[in-house]
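Here is the structure we will look at, set down as structure tokens.
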Amino acid sequence: MHVTIIGVPYDLDLYHSGMGKAPQFLLDNDLMQRLQVVGFTDVALEMIDGVPDGVTQQDRIGQVHAQVGTAITQARLAGSFPLVLGGDCVTSLGVLAGLNDSAHTGIVWFDAHGDFNTPDTTPSGYIGGMPLACAVGRGLMSLRNDIGLTTPIPESQVVLCGVRDLDVAERQALDSSNVLVLTPYLMQRDQTVWVQVRQRLAHSSVYLHIDIDVLDPVEVPGVNYPTEQGLSLSELQHYIQLVGEVSTISALALTAVNPDQDVDHRTVNTAIMLIETTMQQIYKALQ
């Protein structure tokens with residue numbers, strides 16, 4: 001079976017800086033070889049590279065992730081499963097553009113943070129806190145169009161899992177949205193929520209987005225925004241298995257590892273294990 005690793009070594013528009021160092025670190029820890037052991041005997045690699053030259057930061061980000069969308073499309077046309085190693089979560093917009101089927105694409109987004117701010121609500125101006133809102137049509141329309149995600153994903157097809165750190169306006173926006181929001185408390189104590197997940201994703205293929213900070217900082221110290229009371233690795237693996245039982249996973253992205261913040265390679269090693277077990281599940285589903 002075929003898998004294409006798409007490396008996105010950018011922290012927003014900064015090449016091979018901060019979180020942008022993660023793709024190479026993951027590859028240097030034998031990720032390709034471990035995927036081959038899983039059963040993906042044909043592993044291709046495409047690294048998005050080059051310093052973007054747009055006038056504004058948003059222009060430069062758009063250039064980077066338009067390339068991601070093209071790489072996703074090409075991988076799928078070749079019959080290869082796209083595994084994306086991102087820097088920040090804006091990578092998701094390129095993935096969704098490449099999947100190019102908003103009406104039938106669901107999103108399962110694992111993250112400690114909502115990423116549901118807009119330019120009008122953000123207290124910081126940080127674009128990395130806006131991609132999920134942008135994906136569903138809230139804010140940054142010009143960026144979404146530059147990347148190629150011309151039709152937003154319906155909120156009724158989105159599940160946000162593991163979130164526990166929200167700005168006030170962001171929380172209000174999520175409360176008034178049609179996004180299904182599952183905190184760690186709900187996920188750990190109310191198994192009936194997965195009935196709702198199943199209903200939302202029954203007729204969709206899923207883009208599975210994993211921001212590594214959904215895990216507790218004890219397990220992943222190498223992140224920019226550590227947030228206490230996160231999921232354990234075994235819990236996250238279990239929830240991903242449940243997602244795979246509900247719907248077909250059409251693309252996987254892992255983001256937000258910052259090797260500069262890591263301790264004893266703990267975060268990189270955890271990320272490798274998480275990718276490996278998730279891809280094992282995907283491999284079985286593809287057989």
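The values are calculated or read from the model by the stated rules, or taken from the named source; none is laboratory data. Worth saying up front: this structure is predicted, and the values here are computed from it rather than measured. Note that each Cβ is placed from the backbone with ideal geometry, even for glycine, and that neighbours are counted across all protein chains shown.
Per-structure values
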item	result
Entirely in the stretch 169-287, the strands (runs of 3 or more DSSP E) that have 1 or more residues that are free of Cβ contacts under 8 Å to residues at least 24 places away in the same chain, under 18 Å from the mean Cα position of the chain (by Cα) and surrounded by 14 or more Cβ atoms within 10 Å (Cβ to Cβ)	180-182
Tabulated pairs, the stretch 136-148, first without any contact (Cβ under 8 Å) to a residue 60 or more places away in the chain and assigned to a loop (DSSP other than H, G, I, E, B), second of a type in the set (Ser, Thr, Tyr) and buried (at least 20 other Cβ atoms within 10 Å of the Cβ), C-beta under 9 angstrom, 6+ apart or interchain	none
Selected residue (criterion: surrounded by the most Cβ atoms within 10 Å (Cβ to Cβ)) from residues of the stretch 77-121 that are touching a residue at least 60 places away in the same chain (Cβ under 8 Å) and over 22 Å from residue 257 (Cβ atoms)	106
Checking residue 92 against (1) closer than 17 Å to residue 213 by Cβ; (2) at pLDDT below 95, the condition it does not meet	(2)
Neighbours by Cβ (under 6 Å, 6+ apart or cross-chain): first from the stretch 12-39, in a helix (DSSP H, G or I); second among the aromatic types (Phe, Trp, Tyr)	20/10; 38/283
Test set (1) touching a helix residue (DSSP H, G or I) at 6+ places or on another chain (Cβ under 8 Å); (2) modelled with pLDDT of 95 or more - residue 128 fails condition number	(1)
Residues located in the stretch 146-183, provided they are among the small types (Gly, Ala, Ser) and either modelled with pLDDT under 95 or farther than 16 Å from residue 196 by Cβ (or both)	148, 169, 173, 176
Output for the stretch 94-128, where each listed residue is touching a strand residue (DSSP E or B) at 6+ places or on another chain (Cβ under 7 Å) and within 20 Å of residue 226 (Cβ to Cβ)	109, 110, 111, 112, 113, 114
The one condition in (1) surrounded by 14 or more Cβ atoms within 10 Å (Cβ to Cβ); (2) touching a Lys or Arg at 6+ places or on another chain (Cβ under 8 Å); (3) under 17 Å from residue 92 (Cα atoms) that residue 156 fails to fulfil	(3)
Output for the stretch 44-54, where each listed residue is modelled with pLDDT under 95 and either surrounded by 14 or more Cβ atoms within 10 Å (Cβ to Cβ) or in contact with a strand residue (DSSP E or B) (Cβ under 8 Å, 6 or more places away or on another chain) (or both)	49, 50, 51, 52, 54
Qualifying residue in the stretch 55-73 (condition: surrounded by fewer than 17 Cβ atoms within 10 Å (Cβ to Cβ), touching a strand residue (DSSP E or B) at 6+ places or on another chain (Cβ under 9 Å) and over 30 Å from residue 199 (Cα atoms))	no
Hey, residue 69 modelled with pLDDT of 95 or more, assigned to a strand (DSSP E or B), within 16 Å of the chain's Cα centre (by Cα) and farther than 24 Å from residue 220 by Cβ or not	no
Failed item in (1) assigned to a helix (DSSP H, G or I); (2) touching a helix residue (DSSP H, G or I) at 6+ places or on another chain (Cβ under 8 Å); (3) closer than 15 Å to residue 11 by Cα, with residue 60 passing the rest	(2)
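To keep it simple, each residue is scored yes or no on (1) within 16 Å of the chain's Cα centre (by Cα); (2) within 26 Å of residue 222 (Cβ to Cβ).
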site	(1), (2)
88	yes, yes
137	no, no
154	no, no
165	no, yes
